[in-house]
Each structure stands twice: as structure tokens, then as C-alpha cells.
1. Which residues, taken from segment B:211-226, are part of a loop (DSSP other than H, G, I, E, B), among the hydrophobic types (A, V, I, L, M, F, W, C) and crowded, with 16+ Cβ neighbours inside 10 Å?
2. Among the residues of segment A:277-308, which ones are closer than 20 Å to B:MET224 by Cβ and outside any helix (DSSP H, G or I)?
3. Looking at (1) of a type in the set (Asp, Glu); (2) more than 27 Å from A:GLY610 (Cβ to Cβ); (3) within 7 Å of chain B (Cβ to nearest Cβ), which is the only condition A:GLU543 fails?
4. Scanning for something over 21 Å from B:PHE89 (Cα atoms), among the hydrophobic types (A, V, I, L, M, F, W, C), modelled with pLDDT under 95 and in a loop (DSSP other than H, G, I, E, B), does segment B:294-312 turn up at least one residue?
5. Could you please find all residues in segment A:488-546 being of a type in the set (D, E, K, R) and not in a loop (DSSP other than H, G, I, E, B)?
6. Can you tell me how many residues within segment B:159-191 are within 25 Å of B:GLN95 (Cα to Cα), more than 7 Å from chain A (Cβ to nearest Cβ) and in contact (Cβ under 8 Å) with a residue 60 or more places away in the chain?
7. Within segment B:189-210, restricting attention to residues that are in a strand (DSSP E or B) and among the hydrophobic types (A, V, I, L, M, F, W, C), which residue is surrounded by the most Cβ atoms within 10 Å (Cβ to Cβ)?
8. Working carefully through the options A:GLU311, A:GLU352, A:GLU318, find the one that is more than 29 Å from A:PRO232 (Cβ to Cβ) and surrounded by fewer than 16 Cβ atoms within 10 Å (Cβ to Cβ).
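The values are calculated or read from the model by the stated rules, or taken from the named source; none is laboratory data. Bear in mind that the values here come from a model prediction, so they are computed numbers and not experimental data. Ideal geometry is used to build each Cβ from the backbone, glycine not excepted, and the neighbour counts take in all protein chains shown.
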Amino acid sequence: MNDRELEPAPDQKGTPASPDVRRTRGLSQRLRQPLSSQPEAAAAPKTHLVAEPLSGKAASAPAAVPVGAPPSPAMAAETQQISGKSQVAYEGLLSAGVQLQGRYKILGVIGIGGMGAVYKAQDLRFPGVLRLCAVKEMISTASDPQVRQMIVRNFEREASILATLGHPAIPQVYDYFTEGSRCYLVLEFVTGKDLEARLAEAEGFFPEAVVADWAIQLCEVLSYLHNHKPRPIIFRDLKPSNIMLDDHNRIRLVDFGIAKLFQSGEKGTMIGTEGYSPPEQYRGIAEPRGDIYALGATLHHLLSKQDPRLEPPFSFHERPIHKTNPTVSRELVEVINKALEYDINKRWGSAEEFRRALAGSLSIKIGSGSLGDKTTTFDTGVVKPLWKFACEDEIRGSVTVADGLVFVPSYDHNVYALAEDNGKFVWKYPTEGGIASKPWVSEGMVVFGSTDKVVYAVDAKSGRLLWTVPTQGRVFSSPYGELGHIFIGSDDHQIYAIHQLSGRRAWTYVADGEIRSRPLVAESLILFACQMGTVYALGLNREPRWRFRARRAFLASPVMYNGLVFIGSLDNNFYALDARSGWAAWKYRSGGSIVSTAAVWKNMVFFGSGDGSVYALDTDDGRIVWRYQTENQITGAASIAEGNLYIGGVDGNLYCFDALTGAVRWRYQTDGPITGAPQIADGVVYIGSADHYVYAIPM
Amino acid sequence: MWNDGGCMADIKTWLRNIFSKSARREQVESAAESLFKKPDIASVEGAAAEPKPASTAQARRVWEASGVFSVGWGTDVGRVRDHNEDALFVLTGEQEASSAAPPFGLFMLADGMGGHQSGEIASALALRVAASSLLSRVYFPLVDVSDRGADQPSLTDVVREAISQANRVVTRDYPGSGSTLTCAMILGDRLFMGHVGDSRAYLLRIGQPARQLTKDHSLVNRLMEMGQLTEEEAAVHPQRNVLYRAIGQGATLEVDVFTYALEPGDRLLLCSDGLWGMVDEAEIWHLIQDAPTPQQACVQLVAAANAAGGNDNISVVLVETWHERSQGV
């Protein structure tokens, strides 16, 4: 009410201090089922005042709802039940027939709150007619009689101020009186329903224009209150349950914070976080712009149906209206967002300003575009390759760049060596089968496999053959070199360990399916995946450590970071496996097959999926950091360089993203699907495409 | 309350403090060998028993067998409350075998919220339901020889579900009650945490400042995040204990779950606000570093909280891990 009067404490639903009531849950309203006519239950009602739940429903209502003649059948039943009973539901609850001040005859209970009840009563001053009124009862729980006296004095002062208000949205105060430690306010009886009840009943969303109209009415009454002389009246408790819509569809404000006087202010009593209160209220600051925030919060709830009491406190910015109701116009959303600024100085400066902005947004034609549509324009004309080289068939594998040469595996049976700076042909090595294998280059050797079942090692400079290792199946797998050995898989279900310099076959291990992706040697484990959907972890002595089975094949290669093995499967899942135990630390289900290898950088892992999205997930918990939706499957492997993510898709596009934010830097169109991993060296991106070309594109 | 491995823990602590953060197992081992003839594992219980001379090989076996985890814990009603509504759970399981499951540890702390709605029942129940779920879904399959598969949920999912299950049971059986729940599960060298409320988990790594791993789900913490309150204001705010997420407050609950790679020598501290709200962090680290064993550290921490006023129940679990990142050939 009067900002001078009330303690600088936020909405305290009182419980008398008991040493045990150390902490109550903030959002205790969750427990209660919102009844159509029942506003929120009092938090942790622990006083002797509050009734046992009547007829199985949480009958406790806050001091907030004084009015509403049986708005619903359920309510009516309850009222009747109470009036039908001769005993009281709590000690001191007035039963029907009781008269107060010899004038107000209690007809029934409309609601019960932490402070007392609200009754429907008849004013007997008007004989022969049924003059109805609402009688709001407030009972002080303070133990100290001096405190009680002070509360009564404050009440009387507040009631007087209330009685001087005259506004269509504010129910008239007819009378007030005190009986013992109980204070009573006699008010105009309003029939209708509060907005919380309406929200609970509504199927779907309220029309935007209706809510905007309510908002304007509310701004008008707030303006009236804030401009009150000699002191502005701050409502301080604006929320859907305090806003009634009467039978003429006019907004009526109920429950001015007068009830707050009756709440125990003792330290340590923990009361709920009220989702509509502005942050500065918790610092003891109460001023008119706090009501503007509360109105913004109320409108947010009414439009989006997201109840702020059930959400983390002050999370409006993370839960925009559009998240649940994308139909609301952008203009209205922006007006409401400004009211919801946490910084009090950034909000609308007055209710009048807010009202004008609301009226303005109404007059703008309701926008058709939904917020969140980020249309990015690509300047594909800007991105030009430095050179490109044509093979005679698709390039499905990844190229390798080393020692000034680009090594390109092609389905035309050859591995090409091209000059890095201009793409000029240096040599090629022909095999008898297509090459999907990414060449491994080290010690002046280029190692790769071919679908002609052979693993080759050729001299990097000249292309001269050094050694071969035959297998019994086609080799799609890419080799991995470590500890002086080459590890490569074959369709014959085996993984081969080959001594790199000599080409001597050291050992093989038999898996249950074809091994088509690249093995990994890291943290003393040999990791590889096979077509039967199994990931194997062997010790360096070939001893099996663990196996992990997915439901479908693995075409991607495992990557390791910080003790986690990342690999996506054709079963749509992306797995993070604990390297020690093989257990999935977390997994993420995408909408499509994951065929390509991921990349890891700065606690994020990146991959593409058949659902068309490029994903960036947090490595600690598998949550999305960002996600970019394209129109076609992302089939390429991911590569990171200098804060950029490069990844290609089935439509031939090579994307360059800002790895931290997911913003698209550029996109280059090739004419065939991209399945390999882009290689970045000296500021140039090298990528092969199924359109037979290998491209060198500046970063 | 005696911890087995107390002697060894003494030595390890002392040696660790000598070596830098890259203390390697071999260095520690050889230093231990030359400095201390380890007692027979069977006599560790009685600290005063005379150590028998042991061969190097035997010493090595004993060192390995005394385990990866060294745990201390303690709980105290404090000076103001009349009963203790905190609850703790500690379990470790290790194997020594040619093919062994990785070491396993489950450490949980729950702080029940007061009122005649039985805070201590809520915290105890939450703990047991979550522990039961995790042991049956993680520990027993781990001990048993079984393959990992996509048909099993991931470990973060299992932790999330265990805490959600605890929440459902407490909400159903004791509506109106509430508890925090902070759960740390260690599998090998990986930590999985699940958390709701304002009890805390901290990681103390050799050579690095201590790090709070969990986020307080309290109103004042949110206000601090927003810059609306300073830490000093939050510490004395009348609503500093209001939580927006807790066990027992409704059927749906969002649980914070994440995983973290551990290094040898890492210490994990779980504590209720009866500790962190009363003793400042610098003193907490100081007491932990100075104490010869985790158990003694816990005794000191509880005493410090009481000395500062003991306004609330005090609970603390301190875990030291010595698991190597890679097994080696």
C-alpha cells in the first residue's frame, strides 16, 4: 500500500516463527492443483488459522481473494459445505449466520488465506433486500500485544486510505472494524473470476488483443494509484490471482497489500519466492516501477502460460513468450520485455508510458514473422577457391595435407599428391579399388587402404611403393599411426597392427563386423568401431578392456577428449563414453543418423546429423550449446581451426561457423555430397566432394 | 571414527605435499618404500601397532590394496537446532584382479528442510532411494561382467533418474517436506554429479584454487548472479535459505547433472550450508590442507562451524582419490 508503511520485506506468507521452520521451499504452490476458482494456496500454512483441506481440495487461499460469488460449481459446493456445517473448519472460522457488528450477517466462506478468511455477507442495514458485501477477515498472529496493537493501528490507517480511493477497477471499501485481535474490511461484492482461474480453465491461449486490453486497464488503475496524493500507493502484489474480471469483463484489482501488515515479519521465516515480484523488492525497495515489473510478469504468464512461480526465479529472459506461444506479435512482446527489465531504470518509467506503448503495439498490424527466425544471407559469391583439381571419380574420404602436398583419396582408384599452393599434379598411385581411406602421412610415408583389400604405403615425395599388406576384405578404414605402428581396419572384421617402417604385420584382432572407420590410439587404449554397432577398447597389449554396443552401425570414427570417447551412430545417438569403463557418460539423441566423425574444442563437441542439424554440445553434460538447422543431411565430418567449425553436407555445401556461437561465416557450394573432414593448413581449407573435385578455399 | 588406511593416508598426504601437482605414482611409491616399511594390511586398524618390515614387492601390493579412496565424513546437530536433519551416504568399492572393474565411490549429502513436515525424514528417504537406484543400476552391473550398450541409459541419465525417483517418492509420501540432495558418483577417474538445492560440492585439485562444482538453487544466489545482491548482503539476507529447487516439492524436478574428469590427488568436499554458511572458504581449505587425514579434516571442519556459531546442522564428506588417469601397459 503506502510505501512508507510496509516493511521492506517481500511478499511474506506468514508462518509464525518456530525454530523448526527454518526453511520452507520457495515454490510450495506446486503441490496444489489449481482449482478453477481457487487462487493460490498459502505457502506452508502452519498456523492454527488455516483449515484442514476441505473436501480433499487445498482450500487454503491467500488473503488475496475476497470476492467471487460462487464462480464455479465446485466453489459453490464448497461454500455450501461450509455453511452447512455447524462446526468450524478451523478454530475461529465464522460459520454462516454469525453476525458481526450487529450488521453483517455471514452467509458463507468464499476463500481462506493465511491471514484469515473472506466471507460473503449480507448487510442487514438494508432490510428487505439482499445487499451483499465481502467481509475480509485478518487475524494477527503476533504474540506480543504491543505488536498487535501496532498492527491494528496500521490496519485502520490503511483501510482509511483505501476508502478514499475511487476508481472503477478498485472495489469500494464500505466499512472497517476491529474485534479483538481480528480486523475486518467490508468491501463491494464483486462477481466474476480471477485471471488465475481463467488461465487454468482456458484451453489454448488467450487472444493477444484481449490480454492487451486487460493490460491497458491495469495500467490505468496503476497510474491512478501511483499518482495518488499525498503519497503514491504501490500495489506491490500484482499477479493473476489478484486481478478479477467481473461479469461485465472489467478488470478489478483485489487484495491491496493491506494483508501484509498481518504477516509475521520475524527473521528466519522463509516464505516463497513470488514469481511476479521485481528483484529490487528483495533489497527492500518498493516503488511504482515495481508494479510495472509485476504487470509485465503477469502478462508474460497470461500470454505464454508459463507460470513464473514454477520456474527458476528471474528467468523471464531465458523463457521468452515465444517459447510456448509463437503467435504473439513481436511488438507486444517487446513492450512486455521492457517492463520485465531487471534493472529498474530500464523499465517503462511510468504506468502511463507502459499504457501508451501497449496501445501503440495494438494498433500495429499483428506481425506474421515469428521471432527467432534468423535468416542469414550468404555471400556465396565472395567465397572463391584458390584452386580445384578434378579426379575421375568421387572423393569420399578426407584429404591429408603434409609437407607441402595435398594427398587426395579418390574412388577412381588413385591416391593423388598435389602441390599445396596451386593444386598442380605431382604424382598419383593407382590401386585396383576405390579409395575412401584418409591417408596417414608420417616418416615420409603415405599409408592408405583400398577396396582392393590391400593396405599400401608409398613414399610421400615420389609416390613409389614401399610396402603392402593384404587383407581379406575391402579396406574402407583410414589408418592411424602411433607407437611406430599403423592401425587400420578391414571388411574382413579385423583390425591390423602393422609395423610402420617395415610393413610387417604385427598382429590382428577379430571384431564382430567390418571395421570401416579410423581407429584411435589414446590414453593407452586402442579404440575402434565396427559395422555391427560395437565400439571396442583394447589395451596396448591387445587385451580387450570393454565393448560398447549401439543398436546400429558406426560409420564415424571415435575421438577422445578429457577421458571421454565421442562417437555418433546410425541409431541417431551421439555417445560420450567413459574411456576407462566403456559406460556412456551421456548420450544425445538427434533426429537422424550420424555418419561422420565429430570434432572437439574448448569443452564443446561438434557433429552433424541426418536430421540436417549441426550440433555443438557441452562435453560435460551433453546439453546443446548451439544448433544450426539446414535443409539437408549433414554427412561431412567436422573440423575446427582458429575458432571456426567447418563441416559439409549431402547437398554439397561446405559451411564455416563461428565455433562458439554457431553464427554462419560463409558457405561454399560444391556439386556433390561432402562426406570427408575439411583439412585446414596455412589458412586454407581443403575439402573433397563427390563431384570429383578437391577444393582449396581460403579460411 | 577410524578410517582404514589411516597410516598410509598420512604418508600419502605428506608425500603429496612434497611433490608438485605432477606427482607420479612411481615417485610416491619409491619414496614411500624408502621411508616407511608398511604394516601388514591386517594390522592397519590399530594405529599404534608396530609396523612389520615388508619387502618392496609386498609394500607395493599393500600400497595398491589400501585403495584409491580415502574418505572422511561427519555430521553434527550444531549449537542452535535441537535435532539433526542432515543425512549422509558413503560407499566405496574397489577390486584388485586381472580384469577388474574400475573403482567405484558413491557419496551423497542431503539437508532436510525444517518444520513439522519432517525434514529429517525427507533427507533420509531421498538419500536411500537415490542410493538404491544408483547401486542397482550402476554398481552391481559394474561389478558383474557385462557389456556396455546403448540399451542402457547413460550414466548422467542414471544419476538424473535416481534423484528424480528420490523426489517422486518424497513428494508422494511426505508432501510438504523438502530436502537438498547432492550426489557424487565416481567411476574410475570420472566424477558424475547430480544436484538440487544449496548443499555444495567443491573440488580441490593440487596446485589449483578450490572450485565450487555445484550451483546453489537459492533465491539469493540468483539475485547475486543478476548483480542485485553482493555476497555480503546475501550472507545475511532474511531469505537466504529460500530455494527454488528442492526434493519433495512437486512431481517434476530439474536436476543439475554433469560429469568431470578427476586427476590423482583430487579431493572432493560435499557440505551442507551449516558449514559453508558459517565458515569462510579460506579457512575450510586451510583446515583440509593441514589435517593429516580426511577424517581429521572433517572433525576440524565441524568444530570450526560450531565455533562460528553452529546455527544449523553441519554435515561434511571429504573424499581423496588417488586413481591414475591411465593404467599403463
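1. Residues of segment B:211-226 part of a loop (DSSP other than H, G, I, E, B): B:213-217, B:226.
Next cut, among the hydrophobic types (A, V, I, L, M, F, W, C) only: B:213, B:226.
Passing the criteria: only B:LEU213.
2. Of all residues in segment A:277-308, those closer than 20 Å to B:MET224 by Cβ come to A:277-285, A:290, A:293, A:308.
If the condition is that a residue be closer than 20 Å to B:MET224 by Cβ and outside any helix (DSSP H, G or I), then A:SER277, A:PRO278, A:GLY284, A:ILE285 are the ones that fit.
3. It is condition (3) that A:GLU543 fails.
4. Here is the first cut: in segment B:294-312, the ones over 21 Å from B:PHE89 (Cα atoms) are B:304, B:306-311.
Narrowing the set further to residues that are among the hydrophobic types (A, V, I, L, M, F, W, C) leaves B:304, B:307-308.
With modelled with pLDDT under 95 added as a condition, the list becomes none.
No, the conditions are met nowhere in segment B:294-312.
5. Within segment A:488-546, A:ARG505, A:ARG545 qualify.
6. The number of residues fulfilling the criteria is 6.
7. So, considering only residues that are in a strand (DSSP E or B) and among the hydrophobic types (A, V, I, L, M, F, W, C), the one surrounded by the most Cβ atoms within 10 Å (Cβ to Cβ) is B:VAL196.
8. Numbers: A:GLU311 fails: surrounded by fewer than 16 Cβ atoms within 10 Å (Cβ to Cβ); A:GLU352 fails: more than 29 Å from A:PRO232 (Cβ to Cβ).
None of the others qualify; the one that does is A:GLU318.
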